[in-house]
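K.L.:
To start, I am sharing the structure in question, which I have written as structure tokens.
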Amino acid sequence: MTYFSRFSVIFLMSLCWFGLLQGCTAPSEAIKPIAQQNQQNIQALNKNISTLLTLYQPLLAAAGDALMYQSLAKTEQEMIAVVGSPFLSPPTEEETWQVLFERASNTAVGNRDKYIERYRFVRSAYDVNATTDLERLKYREGWIYQTVIDANFTPQRVHDILKALSTLRQNAGNDDANYYTQVELQLSPYDPSLQLKRQAIKGAEVIVNGLKQELMGELTTAGIHGQAFLTLGDSKIDATITTSSLVGELNNDQLMSVLDTVSSKYLQHPTVKAAAVEFLTGKLASLIEKL
């Protein structure tokens, strides 16, 4: 039951209870237990407010930018390690992805990041048409996944992309924001992991905005019911308890429960929903590794 419906039920119960008891009990005494229950509901509502504060909304955009900048740089670095510098000649027709990944695996970076193993995982899944595995590998392997499933995504095409990125860097000056926007436009169509991260950032914004809407509705309901209780009886609500709950700590289970509820309401795609929640809780990288 949502906080909204909980408030509604408590309010209706209070009216019924008051009608039964008013003949033999003073109004303020009859309403006092209901007002106390209402205060508990307001405290529960304030857990949502604490959740919103916990998400550090002012830092959301900056965190998203940092995630994308790092991811874009990593994709470019991997492409250079496999295809070669944009200042050198592009790979020849005989230098297939298989050949290039095997060659790159002999370098320190290629061996550490397991280029050839990652390529073979995707190739194997593609060859047997393992749809579930391909969906998982799409987000985990990013541009390497694209080298298998897109015949037009050739080593020569990647070399052209790297040359375009080099030109962008030379012309960017101090405008980092515009530079990274252009880099994302160049790389994102060929890297599903970048697409997922961008969707996660946008999804996180949807969740936070949805949480705001939920809070506004709940606050309105709480205000109406609280005023009704104060009108019916002279019970006093301890405002200090309610206020203190705003700065109380929210444990991880409560945080995840609220985020799961709100994200399920405002986001449809299960992978994007999970990624958005993980981004908000600082665990997106671990989620992608587990895919």
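K.L.:
Just check segment 54-206 against the gyration tensor rule for me: Cα atoms, a ≥ b ≥ c as the square roots of the eigenvalues, rounded for a/c under 1.5, and otherwise prolate or oblate depending on whether a/b exceeds b/c.
P.N.:
Details: a/c = 2.13, a/b = 1.27, b/c = 1.67.
Judged from the Cα gyration tensor, segment 54-206 comes out oblate (a/c at least 1.5, b/c at or above a/b).
K.L.:
Apply the Karplus curve 6.51 cos²θ - 1.76 cosθ + 1.60, θ = phi - 60°, to the phi angles in segment 92-104 and return the couplings in whole Hz, x for Gly and Pro.
P.N.:
Values, residue by residue: 7, 5, 6, 8, 6, 4, 4, 5, 5, 5, 5, 5, 5 Hz.
K.L.:
At what distance in nm do the modelled label points of ASP160 and SER85 sit from each other, each positioned 7 Å from its Cα along Cα→Cβ?
P.N.:
Each label point is offset 7 Å from its Cα along the Cβ direction, giving 2.3 nm.
K.L.:
Determine the principal axes of the Cα atoms in segment 64-105, then give the extent along each, sorted from largest to smallest and rounded to whole angstroms.
P.N.:
Cα spread of segment 64-105 along its principal axes, largest to smallest: 40, 21, 13 Å.
K.L.:
Here's a follow-up. Given a Förster distance of 45 angstrom, what is the FRET efficiency for GLU93 paired with SER264, based on the Cβ-Cβ distance and rounded to 0.05?
P.N.:
0.35
Readers should treat all values here as calculations from the given coordinates under stated rules, not as data from a laboratory. This is a predicted model, so every value here is computed, not measured. Positions of Cβ are generated from backbone atoms using ideal geometry, with glycine treated the same way; all protein chains shown enter the neighbour counts.
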